[in-house]
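Please read the structure below before turning to the comments.
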Amino acid sequence: MLDWNPDDPDTVKVHYDVSGWSLDQRAELSEALAEAALAHVWEADEVVVPDELEADVDALFERLEELLGPFAIALPADEEGVEFGLDEWPSADRQTLTQALIEGEIPHRWDGTTVSVAAEAEAAVDTLLDEIEQGTLVLTGATAPAAPEGALSDLFTAADRLAKDPEDTTGRDDLRELFTTLDRAVPPYGMSTGTWAGVVDSSAALVELVDDDSTSASDVIGAAQDLRSKVRQHV
């Protein structure tokens, strides 16, 4: 990791505002920065990195956007915006509005049950509020598939069978069938998206090996053991 002193007044720093990110998304970001050995510090809702790492961090943010996004765009603290008091709205409707604002890339800021949005987006937000009240709003993210119930347990069982016998027909068939239902961006409850993506990637590698007649038994066993080890602690 680059050795740098963020308190050095001569150090050129780049700030990334992630105030609109959820706690889970920030945790994913911290984990990704650490895994990539990218020097950084947190300053309130900002991640600060040395100037020479800007390109690498930009690339990391792009990868996280594909994996975790879209991300909320925060309305700057010094921008008043237009306020909408939604204290009488049920929590589920406020969550729906938040998702709609994120998908619409509308800068916003919540203060309790009051949301402030960029002034130029007032008309668009009025429309969103009407659609939510009428029950006609359709969100892209709302149609995303959920991780199958018991996916981790079923993956472990299939991987365990193949680790013991690479020709096990049940293990092969179960793995193929289950893999078609997995989405890298939709983890089971309680698992981080990054960890789940690694599990899905290992599943894909194992499926590719069992579908290749030229693959050696030892390669299948090794890939099955790798998948089994990744899911063992979660079942």
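What the table below lists for this structure:
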| quantity | calculated |
| --- | --- |
| Qualifying residue in the stretch 77-86 (condition: closer than 28 Å to Pro187 by Cβ and among the hydrophobic types (A, V, I, L, M, F, W, C)) | no |
| Residues (in a helix (DSSP H, G or I) and either at pLDDT 85 or above or acidic (Asp, Glu) (or both)) located in the stretch 66-93 | Glu66, Asp93 |
| Unmet criterion (only one of (1) surrounded by 12 or more Cβ atoms within 10 Å (Cβ to Cβ); (2) closer than 27 Å to Asp45 by Cα; (3) at pLDDT below 85) for Pro188 | (2) |
| Filter pass, Ala27 being modelled with pLDDT under 90, part of a helix (DSSP H, G or I), surrounded by 14 or more Cβ atoms within 10 Å (Cβ to Cβ) and among the small types (Gly, Ala, Ser) | yes |
| Answer from Pro148, Pro166 - the residue that is closer than 29 Å to Glu28 by Cα and either outside the structural domain of Arg63 (by TED's automatic domain parsing) or surrounded by 15 or more Cβ atoms within 10 Å (Cβ to Cβ) (or both) | Pro148 |
| Unique residue being under 13 Å from the mean Cα position of the chain (by Cα) and of a type outside the set (A, V, I, L, M) when the list is Glu43, Glu83, Glu79, Glu66 | Glu66 |
| Search result, residues across the stretch 193-217 that are of a type outside the set (Asp, Glu) and not in a helix (DSSP H, G or I) | Ser214, Thr215, Ser216 |
| Residue in the stretch 182-192 that is assigned to a helix (DSSP H, G or I) and either of a type outside the set (Asp, Glu) or without any contact (Cβ under 8 Å) to a residue 60 or more places away in the chain (or both) present | no |
| Near pairs, Cβ below 8 angstrom, 6+ apart or cross-chain, from the stretch 102-113 (farther than 21 Å from Glu65 by Cβ) to any residue that is surrounded by fewer than 18 Cβ atoms within 10 Å (Cβ to Cβ) and acidic (Asp, Glu) | Gly112/Asp87; Thr113/Asp87 |
| Ser19 modelled with pLDDT of 85 or more and surrounded by fewer than 18 Cβ atoms within 10 Å (Cβ to Cβ) | no |
| Lone qualifier among Asp213, Asp226, Asp219, Asp201 - being surrounded by fewer than 21 Cβ atoms within 10 Å (Cβ to Cβ), more than 25 Å from Leu23 (Cα to Cα) and at pLDDT below 95 | Asp213 |
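The values are calculated or read from the model by the stated rules, or taken from the named source; none is laboratory data. From a predicted model like this one, the values you see are computed outputs, not experimental measurements. Reconstructed Cβ throughout: ideal geometry from the backbone, glycine too, with neighbour counts over all protein chains shown.
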